[in-house]
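A.B. asks: The following block contains the structure, expressed as structure tokens.
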Amino acid sequence: MIGPLRGVAAAVAMFAAISAPAFAEGDEPYRMVRTLQALQDGIAAGDPAAQEAQQEQIAGIGQAFAAAGEGAWQDPRNARAAVVYVLSGGRPDPLRSLVRREDYGIAPALVRGALAFAEGRSEEAKAAFATLDPRTLPQSLGGQVALVHGLLAIGADSTEADRLLDLARLLMPGTLVEEAALRRQAMLAADAQDYERFAALSERYFRRFAQSLYAGGFLRQFAAAAAQFEFDTFSAGPMPLPRLLSEMEPDTRRAAALAIARAALVAGSVRVTSLAAGQASAISAPNTREGASGTLYQAAVHLLTDAEEAERRLQGMPDRLLAPADRVLHRAALSLSRRIMEWPVGEEAGGLPETTGVEGETGLLRRGRTVLAEADALLAGAR
């Protein structure tokens, strides 16, 4: 969690950004970029006002750079700030002005790389950043360069991307840079089917940035990725799923468990759904939406293994407790449970007779196909 002092600093910077004009007379661009970075740290801490103020600050910095005289560019802090500004989502205009100058006090590769990145020339940006060592730069710049270079490397060299994102976290801990790097690294580990690293990075993210304004999006990515791992992977190793969830705050743990259960239900993973939904139900109060969702996912996934018990649980579940999307799933599951309970008994239920005509075979298979098709529709409705 971001410390109290950092939170106070971000609040002060935010107040200044909101209450002052976008560009006060005599204000140096590099000071305004520092305020921008403080606002972004506020976003990582979960402050909606910081996100609103960020856009105003970015616009104000653009105006400040446009109005900057020759003297401003003689200070390398402003040149470095222009790079940070562009890598943080600002317009590339200041760097376009900068590249036309012969001397601006910083490595030309910084300017070329950031400008190429902003203009969508990814290969040129990677080539320029590859000549730099972020550790030799001021931390607030080096962390940004490592983050962007790491993001550009994803897809071409995942090992190098992971190394650069590690470096970004090291250089700028507790900031939006670390928050963004952790999100991307967790998904890299999931893509590589490295559950232990995925679990470790995800646990760190939720421990440090559970309040981030981007945490909701990451939670959905985390759940979809977690549901793709085999159950045996979940239940073994130093960070099995129950332990991973136990490291989270209760509200985050409940939301994560339910998200995993739903994603696993869609993927057709019975044991993962049961495990995650059980974890959610265990920490949900009775007669709550969260508890009802956990019960729903458990019942739905067991329709083809214990239809009678699943139908009993579905029948006893108040529809009013469920979220709108889960109400649709609940009704579909109830319909499917009734179809399964109508499955033929006697000779057909025990399997095909040793000698059957086309009509007998068709009747049994048609019933089977109907139930399986409805199960597929149930899972499609959960998406």
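A.B. asks: Which whole-number percent gives the relative contact order of the range 133-192, counting Cα pairs below 8 Å spaced six or more residues apart?
C.D. replies: Numbers: 66 pairs, mean separation 18.3, N = 60.
Once divided by the residue count of the range 133-192, the mean separation gives 30 percent.
A.B. asks: Counting Lys and Arg as +1 and Asp and Glu as -1, what is the net charge of the other residues whose Cβ lies under 12 Å from the Cβ of His302?
C.D. replies: So the environment of His302 carries a net charge of -1.
A.B. asks: So, counting K/R as plus one and D/E as minus one, what does the shell of residues with Cβ under 12 Å around Met317 add up to? Walk me through the numbers before you get to the answer.
C.D. replies: Numbers: positive: Arg289, Arg312, Arg313, Arg320, Arg327, Arg331; negative: Glu311, Asp319, Asp326.
Local net charge: +3.
A.B. asks: Add +1 for every Lys or Arg and -1 for every Asp or Glu among the other residues with Cβ under 12 Å from the Cβ of Arg96, and state the total. Walk me through the numbers on the way to the answer.
C.D. replies: On the way: positive: Arg91, Arg100, Arg101, Arg112; negative: Asp93, Glu119.
Cβ neighbours under 12 Å give a net charge of +2.
A.B. asks: Continuing with this model, one more query. Multiplying the sequence separation of Glu249 and Ala49 by 0.36 nm and subtracting their Cα-Cα distance, what value in nm do you get?
C.D. replies: Numbers: separation 200, 0.36 × 200 = 72.00 nm, distance 2.37 nm.
Length gained, Glu249 through Ala49: 69.6 nm.
A.B. asks: Once all Cα-Cα distances of the range 133-192 are split into 5 Å bins that start at 0, what whole-number percent is in each one?
C.D. replies: Once binned at 5 Å, the Cα pair distances of the range 133-192 give 4, 24, 34, 22, 12, 4, 1.
A.B. asks: Something else: Give, in nm to one decimal, the length gained when the segment between Leu170 and Gln221 is fully stretched (0.36 nm per residue of separation minus the Cα-Cα distance). Could you put the intermediate results ahead of the total?
C.D. replies: Details: separation 51, 0.36 × 51 = 18.36 nm, distance 2.36 nm.
Gain on extension, Leu170 to Gln221, equals 16.0 nm.
A.B. asks: Here's another thing I want to ask about it. With r defined as the distance between the Cβ atoms of Arg289 and Arg312 and R0 fixed at 22 Å, what FRET efficiency is calculated, to the nearest 0.05? Show your work: numbers first, answer last.
C.D. replies: Values: r = 21 Å, r/R0 = 0.94.
The calculated FRET efficiency here is 0.60.
FYI, it's all coordinate maths here, none of it is from the lab. Just so it is clear, the structure is predicted and the values come from calculations on it, not from any experiment. Glycine also receives a Cβ, built like all others from the backbone with ideal geometry; neighbour counts cover every protein chain displayed.
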